[in-house]
Each structure stands twice: as structure tokens, then as C-alpha cells.
Amino acid sequence: RIDYPKRLRDYIEVSQDKFQLTLPVKKAPKISFTLPLPQVDAHWGFAKLLLKLGSDTLMNVLMLLLIERSVLVLGENSTEVTACSCALLELLQPFKWAGVFMPLLPISMLDFVNSPVPFVAGVVA
């Protein structure tokens, strides 16, 4: 049986360099992360991009984005597509993407890829 906490703050400790969570479950280990917490979505998306595309192709895609060309991200599931689309824009920093950004484009709106405006869009294939 799990007793849910009345206040979540009672189970969370945050020091200057560590975040710890103690779950109110018997024999549950203490969960601890060093601060700052990683941005899992950006890091996971970047890792996926690097594994799927390779460094040379990823550099070419970034160059295309810097000259404001359209990029369509295709993936096997919506989580992968969204994370990779967002990671592409994160990699552009300190620059900002000025075109259209749709991390997950519905199949019903696929005609948008014929648009003359630069875009970054993701589609589950």
C-alpha cells in the first residue's frame, strides 16, 4: 500500500548542488540528481538525430536551416519526431528560427510542405 503525501514538499530536498526525492514506499531508494537538471528532451533529441543522421548529415541539415531552407523531419513515432524537431532548433542557438515551426504536422495537413515559406516540420511516417 502506498500512502500518498499530503504535501509533496515533505519528500523533496533541494540543496545547492543536488535534487533528492524520497518516495513514501517501503524499500524505495532515494532518487538523486545533480543540479542543474538536464533537458532530457533536447539531449535525447540531439542523440537521436546524431544516431540516425550521422555527424556529416546533421551538419548539412544545420547549414540548410541557417540559410532558411525547409526541413521535414520523418520518424517512426510522434515522440521521436517532436524531440528531433525541437533539437534542431536548439542546435541553432544563439540564432532563432524565423520560419514556421510545426514539431508534429498532421497527415491531413501534409499539403503544407508545398508552401514557399521556410519551415521545420515533423511527420510520423
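What follows is calculated from the coordinates using simple rules that are stated; it is not laboratory data. What you see is a predicted model; the values in this text were computed from it and never measured. Neighbour counts are summed over all protein chains in view; Cβ atoms, including those assigned to glycine, are modelled from backbone coordinates with ideal geometry.
Couple of notes before you dig in:
- Relative to the current alpha-carbon distance between Ile31 and Leu74, full extension at 0.36 nm per residue lengthens the span by 12.0 nm.
- Computed label-point distance, nm, for sites Asn60 and Leu92 using a 7 Å Cα→Cβ extension: 2.0
- Chymotrypsin sites (Phe, Trp or Tyr not before Pro) lying in DSSP loop within the stretch 38-102, provided at most 13 other Cβ fall within 10 Å: Phe95
- Here the Karplus curve 6.51 cos²θ - 1.76 cosθ + 1.60, taken at θ = phi - 60°, turns the phi angles of the stretch 87-93 into couplings of 5, 4, 6, 5, 5, 6, 4 Hz, with x standing for Gly and Pro.
- Anisotropy class assigned to the stretch 61-118 is oblate, per the alpha carbon gyration tensor with a/c at or over the 1.5 cut-off and a/b no larger than b/c.
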